[in-house]
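K.L.:
Let me give you the structure first, and then I'll get to my questions.
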Amino acid sequence: AQLHSLAISSGLQYFGTATDNSELVDASLVSALSNHSEFGQVTPGNSQKWDSIEPGPNTFSFAKGDEIAALGKQNSQLLRCHTLVWFQQLPTWVQNGTWTNETLIAAMENHITTTVTHYKGSCHSWDVVNEALEADGSFRKSIFFSTIGEAYLKIAFDATAAADPDVKLYYNDFGIETPGPKTSAALNIVRSLKASGTRIDGVGLQSHFIVGSTPSREVQIANLESFTSLGVEVAITELDIRMTLPSTAAQESQQTTDYQNTASACVAVANCVGLSVWGFSDKYSWVPSTFPGTGSACPFDENLARKSAYYGIIAGLVGG
Ligand code: G3I
């Protein structure tokens, strides 16, 4: 049995991966990605971000996002749609625009309504707001927070819900996989949206981990449950576990355990609905360019061969 089929047997809704348009010219990658018993879900790594979708004011460009949505549909894979409101990968007209509270709300609502309407029926979930928080739990001083204040989150979730009543609405972030100020602030986002009558269905824990400092299974379970106890589902949305290069047998063995712990934690939590890696092959991982000197973070190597880490996930899904 393979990743997605085991995830299903263990009560999850999916095992999946991010992918990007630039990878789709690689026939072996597409063939591996299209194996539904391995990957039952896909996330566009870049092509549904604001700079890709709306490069100019009210000028929409869905071709790249559509390409990944179509591939997923052809493969019967769920689509996690990513992401509507994020401080990165914004087009210049948004990032450097002269905004008032009113004009930025209007631009944000227009972006959300048009995008969510276009993908209505295709998306299993939307990462409505991505990475709104700093490590200390304060709100990130994005153009959205600086102009609109904390209310931008509620406005974004409400606009998404209005455009698609059926899609799951997620808050997605990194650094919320263990207790601490950032996690407390993410819990507060869920509480305050709910208290104000706004729908939020899930929290995505990105889980960009480092070999050897990945939180234990027990810590991850308790942390996931701190979210689900508020009445939202959770998903591991961008899992990868990087190491210092060159890889060593000791690091690979630790990475296998780390992958197992995360998969097993999700299986153990009733409302942890799915597990996605942020790219399945080291051939296309974002890690080495962002954290030079590190890599080998994915469960498949550069030749698309299964690594020990892959079997760690399998063991975690089986319940180990
Ligand atoms: O598209 C341009 C291309 O035209 C240009 O020639 C080239 C030159 O650098 O850049 C291309 O854009 C790159 C883009 O990926 C598409 O390949 C950007 O430079 C590069 O910064 C961008 O990186 C993406 C990163 O988000 C940006 O923040 C990664 O691929 C993507 O995997 C990563 O994904 C994020 C999630 O959305 C949120 N969580 C963290 C995760 C990892 O950073």
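The values are calculated or read from the model by the stated rules, or taken from the named source; none is laboratory data. Predicted model only: the values in this text are computed from it and were never measured. Cβ coordinates were reconstructed from backbone atoms using ideal geometry, including for glycine residues, and neighbour counts include every protein chain displayed. Ligands, DNA and RNA are stripped out before the accessible areas are found, and what is left, the full protein with its side chains, is counted by its heavy atoms. Shrake-Rupley method; radii C 1.70, N 1.55, O 1.52, S 1.80 Å.
K.L.:
Based on this model, can you work out whether TRP278 counts as at pLDDT 95 or above, touching an Asp or Glu at 6+ places or on another chain (Cβ under 7 Å) and aromatic (Phe, Trp, Tyr)? Quick ask: steps written out before the conclusion?
P.N.:
Details: at pLDDT 95 or above: yes; touching an Asp or Glu at 6+ places or on another chain (Cβ under 7 Å): yes; aromatic (Phe, Trp, Tyr): yes.
When the stated conditions are applied, TRP278 passes them.
K.L.:
Return yes when ASP282 is within 19 Å of ILE176 (Cβ to Cβ) and within 16 Å of the ligand (Cβ to nearest atom) and no when it is not.
P.N.:
Values: within 19 Å of ILE176 (Cβ to Cβ): no; within 16 Å of the ligand (Cβ to nearest atom): yes.
For ASP282, the condition - within 19 Å of ILE176 (Cβ to Cβ) and within 16 Å of the ligand (Cβ to nearest atom) - is not met.
K.L.:
Restricting to segment 222-253, and then to whatever is within 23 Å of THR290 (Cα to Cα) and crowded, with 21+ Cβ neighbours inside 10 Å, can you tell me which residue is nearest to the ligand (Cβ to nearest atom)?
P.N.:
Only one residue tops the list, namely GLU238.
K.L.:
Continuing with this model, one more query. Sort out which residues of segment 285-295 are over 13 Å from ALA18 (Cβ atoms) and within 16 Å of the ligand (Cβ to nearest atom), and write them in order of number.
P.N.:
Kept after step one, since they are over 13 Å from ALA18 (Cβ atoms), are these residues of segment 285-295: 288-295.
Matches in segment 285-295: PRO288, SER289, THR290, PHE291, PRO292, THR294, GLY295.
K.L.:
Also, I was wondering about something else. Filter segment 1-39 for residues that are over 15 Å from ARG80 (Cβ atoms) and within 16 Å of the ligand (Cβ to nearest atom) and give the result.
P.N.:
Once the filter is applied, which keeps residues that are over 15 Å from ARG80 (Cβ atoms) and within 16 Å of the ligand (Cβ to nearest atom), segment 1-39 yields ASN21, SER22, GLU23, LEU24, VAL25, ASP26, LEU29.
K.L.:
Among the residues of segment 168-197, write down those that are open to solvent by 20 Å² or more (accessible area, probe 1.4 Å), over 15 Å from VAL219 (Cα atoms) and within 16 Å of the ligand (Cβ to nearest atom).
P.N.:
PHE174
K.L.:
Can you name the residue in segment 287-307 that is surrounded by fewer than 16 Cβ atoms within 10 Å (Cβ to Cβ) and of a type in the set (Gly, Ala, Ser) and, of all such residues, is nearest to ALA32 (Cα to Cα)?
P.N.:
Per the stated criteria, the residue is ALA305.
K.L.:
Check ALA135 against each of (1) more than 24 Å from SER61 (Cβ to Cβ); (2) among the aliphatic types (A, V, I, L, M); (3) crowded, with 19+ Cβ neighbours inside 10 Å and name the one condition it does not meet.
P.N.:
Single failed check for ALA135: (3).
K.L.:
Take segment 120-145 and flag every residue that is away from the ligand (no atom under 16 Å from the Cβ) and among the acidic types (Asp, Glu).
P.N.:
ASP136, the sole residue that qualifies.
K.L.:
Could you list, in sequence order, all residues of segment 138-161 that are among the small types (Gly, Ala, Ser), part of a loop (DSSP other than H, G, I, E, B) and over 28 Å from ALA63 (Cβ atoms)?
P.N.:
From segment 138-161, those among the small types (Gly, Ala, Ser) are 138, 142, 146, 149, 151, 156, 159, 161; that's our starting set.
From what's left, part of a loop (DSSP other than H, G, I, E, B): 138, 142, 149.
Matches in segment 138-161: SER138, GLY149.
K.L.:
Hey, another quick one. Are any residues in segment 255-279 open to solvent by 10 Å² or more (accessible area, probe 1.4 Å), of a type outside the set (Val, Ile, Thr) and either without any contact (Cβ under 8 Å) to a residue 12 or more places away in the chain or more than 16 Å from the ligand (Cβ to nearest atom) (or both), and if so, which ones?
P.N.:
Passing the criteria: GLN260, ASN261, ALA268, ALA270, ASN271.
K.L.:
Here's another thing I want to ask about it. Could you list, in sequence order, the residues of segment 88-111 that are within 16 Å of the ligand (Cβ to nearest atom), surrounded by fewer than 18 Cβ atoms within 10 Å (Cβ to Cβ) and not in a helix (DSSP H, G or I)?
P.N.:
Across segment 88-111, the qualifying residues are GLN88, GLN89.
K.L.:
Next up: Hey, can you tell me all the residues within segment 45-79 that are out of contact with any Cys (no Cβ under 9 Å at 6 or more places or on another chain), open to solvent by less than 20 Å² (accessible area, probe 1.4 Å), assigned to a helix (DSSP H, G or I) and free of Cβ contacts under 8 Å to residues at least 60 places away in the same chain?
P.N.:
ILE68, GLY72
K.L.:
Separate question: Only helices (runs of 4 or more DSSP H) wholly contained in segment 170-274 count here; list those with 2 or more residues that are within 27 Å of GLY312 (Cα to Cα) and more than 18 Å from the chain's Cα centre (by Cα). Reasoning before the result, please.
P.N.:
Working: elements: 181-195, 217-228, 249-268.
The qualifying helices (runs of 4 or more DSSP H) are 217-228, 249-268.
K.L.:
Further, regarding this structure: Report, ordered by the first and then the second residue, all pairs with beta carbons closer than 7 Å, sequence separation of six or more or different chains, a first member in segment 195-209 that is touching a residue at least 40 places away in the same chain (Cβ under 8 Å) and farther than 15 Å from THR178 by Cβ, and a second member that is charged (D, E, K, R) and away from the ligand (no atom under 16 Å from the Cβ).
P.N.:
SER196/LYS154; THR198/LYS154; THR198/ASP158; ILE200/LYS194; ASP201/LYS168; ASP201/GLU233; GLY202/LYS168; GLY202/GLU233
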